[in-house]
Each structure stands twice: as structure tokens, then as C-alpha cells.
């Protein structure tokens, strides 16, 4: 159970946006405090939503054998939703901005343009809103028959893996600021060129795994 949940959590951690934002905050006037606030926001959102999703799913009795079909129906629905989102991301093209019209900044753009501990915390909360892959990871835990200690350990692992895209760069920055800054710049240059494709692949893989798992479960194969 832990290995399966961890696999989905790794997919949830693939967030090009989260890494780009971390690079911006580490380049701000107060990089340590700003980046730490960003990490705290990410953890607050992830922990809160992880507990909420776990309690809700456990409350529906998905960990009981009698709810075999609802369990796999839920996984199938998550998979179809993830695949649908991947298809939309693959086909939708943003229109080219009109240089004659002023660009309106969204909430996230405004938070990033004014780096401070407060705005960084807000950015962490927004960026780490639960994704389909994160819900899938928590669902694996919720649907298992594991006791509280094992489920708690699995949740800690899922949360740490989901947020590793922000806490890991912060730790490396604290240990080696200059080297981390150089590496993040190179990574961000690559992400700007391939980030959308990377996120799309992660979402598609999660959708395929959940869809196949749900379909096999409903047909009695597993």
C-alpha cells in the first residue's frame, strides 16, 4: 500500500510551476524567509487536504471489503478525469497576447511579482491545491485495511514526496546557495521549454494507471 501511494505522490510532485516559483523566491531580497514561507504554505495545504480527503474517504467505508465496487468506481472516475484533463491540456492552445492591449495579471502572477513571506505563503497554498494524483495517493491509503500507525506513516511519506519539489531545493540552497541558484536557473530554462509536456505526461500516466486499475477491479480481474 505504501509503495503504491508513494508512486502516485511522486507523480503529484511533478510540478514545473512549483519549481519555477521556488527559483523566483530564492532570488528575492530575503530568499531564506520567503522560500521557507512558500514551503510552509505548501505543507499547510497538503497536510490539510490530505487529512480531509482521508477522513472523507474513510468515512464512506472504502476500506471495507463490502465496498469493493465503489472503491474501483472511484479510482476509475479519478482516472477518467485525469485523462480528460490531459487531453484538454494537450489540445488547448492559448491565444497569442495582443501587444496593443495591456496584460491583466492573475492572482498567482501578482503574488510572485511581490516576493515576501506573506505572498510566498499564499503562493504555496494555491499551487499545492490537491491534484488528481495526490487524491489518488490518499485514496490508496484510505481504501486499505491498514491500522492507524501504518496509515499515518503512509500519509507522512505521501506528504513529504508531494512537497519535495519545494523543500528539497530549499535544503540544497541552505547548504550551497550559489550552486543551487545556478542549477535552478538551468533547470528552469529547461522547464520553460518542456514543462508543459512533463506535466502532461505525469497527468496522463496517472490517468492511465487509475483507469486500468479501476476497470480491472470492477471486472473482477484484481
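The values are calculated or read from the model by the stated rules, or taken from the named source; none is laboratory data. What you are looking at is a predicted structure, and each value in this text was computed from that prediction instead of being measured. Virtual Cβ from ideal backbone geometry, glycine too; neighbours counted across all protein chains shown.
Taking the stretch 130-157 as the range and being under 14 Å from the mean Cα position of the chain (by Cα) and over 13 Å from residue 51 (Cα atoms) as the test, the residues that pass are 131, 132, 133, 136, 157. Residue pairs whose Cβ atoms lie under 8 Å apart, separated by 6 or more positions or on different chains, with the first residue in the stretch 1-26 and surrounded by fewer than 18 Cβ atoms within 10 Å (Cβ to Cβ) and the second not in a helix (DSSP H, G or I), are 1/144; 1/146.
Considering the conditions (1) more than 16 Å from residue 17 (Cβ to Cβ); (2) at pLDDT below 95; (3) touching a helix residue (DSSP H, G or I) at 6+ places or on another chain (Cβ under 7 Å), residue 123 is excluded by exactly one of them, (1). Taking the criterion of being touching a residue at least 40 places away in the same chain (Cβ under 8 Å), assigned to a helix (DSSP H, G or I) and buried (at least 16 other Cβ atoms within 10 Å of the Cβ), the residues of the stretch 102-118 that qualify are 112, 117. In the stretch 210-222, the residues that are on the phi < 0 side of the Ramachandran plot and assigned to a loop (DSSP other than H, G, I, E, B) form Cβ pairs under 8 Å with partners that are surrounded by 18 or more Cβ atoms within 10 Å (Cβ to Cβ) and modelled with pLDDT under 85, at six or more places apart or across chains, as follows: 222/213.
One residue stands out in the stretch 141-163 among those that are at pLDDT 85 or above and surrounded by fewer than 16 Cβ atoms within 10 Å (Cβ to Cβ): the one that is farthest from residue 12 (Cα to Cα), namely 149.
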